[in-house]
Amino acid sequence: MSERTGVDPGTQSLRGKRAIVTGAAQGVGAVTARRIVELGGRVVLADVNRDKVHETAGSLGEAASAVTLDVADAASWDDAMAAALDVLGGLDALVNNAGILHLGPLETMEPALLERLVAVNLCGPLLGTRAATPALRAAGGGAIVNVASVAGLEGRNATVAYTSTKWGVRGLTKASAMELGRYGIRVNSVCPSMGNPEMFAPFLEQFDLEEFMRSSPEPALVVDGHNVDADMYDVAAMVTLLLSPQTAACTGADFVVDAGWTAGTYVAGMPGHEQQAGHGHAD
């Protein structure tokens with residue numbers, strides 16, 4: 001059983017599957033890599049943080065190993081892919097999870113900052129897809145999952161650079177699916193409302209968290225009187241589902257993991273709206 005969800009991993013299977021997960025030193029990437037191992041797969045964790053990614057891989061046992069990777073560098077992808085294939089003996093899946101965040105106003109944004117987010121968040125998955133395609137074709141097909149964001153589904157203040165890149169990831173996903181489907185390679189995106197908490201840490205002092213919680217949209221999903229928010233374990237479960245044979249007919253699609261946060265807006269006073277629990281809205 002999963003310690004987070006209580007879901008029996010046996011309901012999915014990645015037995016014998018060989019995967020690479022980027023941005024896997026911590027957060028969603030690390031949780032996804034752990035779940036791949038739990039489901040019977042083998043995984044190479046890739047991250048620019050050499051020490052941390054090796055430490056994380058070491059905690060997952062013999063089915064996991066690590067490589068150092070700067071996703072924004074094509075030469076780094078060549079080296080990491082060669083090392084991963086040497087360990088795995090082939091490739092069945094790639095999870096393009098690595099990403100960076102910036103929160104701040106458009107008017108003061110430096111061009112170099114935008115270029116860096118584009119390089120990591122958008123060029124990274126593109127370079128990864130390009131690097132993985134020959135190995136996936138040699139395996140007779142496989143699956144690529146790009147981790148986008150709900151920021152790639154709607155506009156939001158303070159996230160212009162980040163939002164732009166995540167919309168781009170969704171476009172990359174659909175265009176790649178069109179090109180690679182003929183080889184049996186499926187490409188999908190996951191759009192979570194919750195990414196890696198470490199990404200937000202540098203920006204916390206800039207925000208009034210109480211005001212943020214009061215003004216945040218309510219997730220549509222309510223269980224036992226409380227709003228349900230998605231977390232890293234929910235995101236990882238969706239990623240591994242998209243890597244599994246259970247989603248063999250799914251490609252070029254966006255899978256949202258946000259407990260209904262972006263489904264729409266509750267309109268007070270209209271039929272079907274009740275006071276929701278959580279986020280400071282409940283009595």
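The values are calculated or read from the model by the stated rules, or taken from the named source; none is laboratory data. Bear in mind the structure is a predicted one, so any value in this text is a computation, not a measurement. All Cβ positions, even for glycine, are placed from backbone atoms using ideal geometry, and neighbour counts span all protein chains on display.
Here are some residues: Thr265, Thr240, Thr251, Thr247. Which one is at pLDDT 75 or above and more than 22 Å from Val187 (Cβ to Cβ)?
Just one listed residue meets the conditions, Thr265.
Kindly indicate whether any position in the range 55-68 is in contact (Cβ under 8 Å) with a residue 40 or more places away in the chain and either within 15 Å of Val239 (Cβ to Cβ) or part of a loop (DSSP other than H, G, I, E, B) (or both).
Scanning the range 55-68, I find no residue that is in contact (Cβ under 8 Å) with a residue 40 or more places away in the chain and either within 15 Å of Val239 (Cβ to Cβ) or part of a loop (DSSP other than H, G, I, E, B) (or both), so the answer is no.
Could you tell me which residue of the range 171-199 is surrounded by the most Cβ atoms within 10 Å (Cβ to Cβ), considering only residues that are at pLDDT 95 or above and touching an Asp or Glu at 6+ places or on another chain (Cβ under 6 Å)?
Out of the qualifying residues, it is Ser189.
Where in the range 89-181 are the helices (runs of 4 or more DSSP H), entirely inside, with at least 2 residues that are touching a His at 6+ places or on another chain (Cβ under 8 Å)?
111-117, 160-180
So, of the residues in the range 56-96 that are over 18 Å from the mean Cα position of the chain (by Cα) and acidic (Asp, Glu), which turns out to be surrounded by the fewest Cβ atoms within 10 Å (Cβ to Cβ)?
Within the range 56-96, the match that is surrounded by the fewest Cβ atoms within 10 Å (Cβ to Cβ) is Glu62.
More than 14 Å from Ala253 (Cα to Cα) and free of Cβ contacts under 8 Å to residues at least 40 places away in the same chain: does that describe Gly140?
no
Can you spot a residue in the range 255-263 that is in contact with a Gly (Cβ under 7 Å, 6 or more places away or on another chain), at negative phi and surrounded by 15 or more Cβ atoms within 10 Å (Cβ to Cβ)?
no
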